[in-house]
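Only one structure is covered here, and it is reproduced in the block below.
Derivation of every value follows stated rules applied to the coordinates shown; laboratory data play no part. These numbers come from a predicted model, not from an experiment. Because the Cβ atoms are built from the backbone with ideal geometry, glycine has one as well, and the counts that use them run over all protein chains shown.
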Amino acid sequence: TIYSMPPMFGAIKRAMLVRDDDSFKRNLNIFVIAEGANGKLARANTTLKRNVKTWLNKNRMINDTIDILNARILNVSIDFAIVADQETNKFDILAGCIEKLRDTFSVLPDIGEAFYITDIYKALNDVEGVVDTKRVKVEQKTGGRYSDLGFNVRDNMSPDGRYFVVPEDVIVEIRFPFQDIKGVIL
């Protein structure tokens, strides 16, 4: 329903509905994120959140209360190492790998969705000329043009290292794919 709100009231890029277990009433928290003029994720302003609440009020149950809250942004970078086929141009393979990851992560995840390292391995191994992916490292980017979310990727990694979990109010973004996705050929 949020995504069907008329554009004249603003646009939400992603939204996540979470029941507030700490509330005595049937309170629903809706975490939202918007898109800035530069095409990057941005916090929804007060007017947009008010418009969302007004839009949803016509469809809510009488006992429900709704809070519209900003989702938090986790900016990450990807660093990888691959082994390339000896018979191919290594620069072309590396460029193909970086382009493949840019395409893969151009679609934003949902708010609260885990980030799968295995998706990176799969995407890289699907690139023609890649024999094997040896290493993938995902790190948080903070400060300057990045968000300042206090989050430790390593502490939230699954025991097998295949993914990391983010809180239900966090969305993962590779903010600058042309500089935040890097790789080497071994």
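Some observations on this one:
- The magnitude of the dipole of the chain, with charges of +1 and -1 set on the Cβ of Lys/Arg and Asp/Glu and taken from the Cα centre, is near 840 debye.
- Ordering Leu56, Gly150, Val165 by Cα displacement along the dipole of the chain toward the positive end leaves Leu56 in first place; charges were set at the Cβ atoms of Lys, Arg (+1) and Asp, Glu (-1).
- Nearby lysines by direct alpha-carbon distance to Lys134 (threshold 20 angstrom, same-chain neighbours under 8 apart not counted): Lys90, Lys100, Lys122, Lys182
- Over all pairs of different C-alpha atoms, the chain has a mean inverse distance whose reciprocal, the Kirkwood radius, equals 18.3 Å.
- The range 84-186: relative contact order as a whole-number percent, Cα under 8 Å and 6+ apart: 40
- When each of the peptides 3-15, 168-180, 148-160 is scored by the mean number of other C-beta atoms lying within 10 Å of its residues, the order from highest to lowest reads 168-180, 3-15, 148-160.
- Counting Cα-Cα pairs of the range 64-173 in 10 Å increments starting at 0 gives whole-percent bin shares of 13, 40, 29, 14, 3, 1, 0.
- Rounded, prolate or oblate (a/c below 1.5 giving rounded, otherwise prolate when a/b exceeds b/c) for the range 145-186 by Cα gyration tensor: oblate
- Using a Förster distance of 35 Å, the FRET efficiency for Gln179-Ala114 (Cβ separation, nearest 0.05): 0.90
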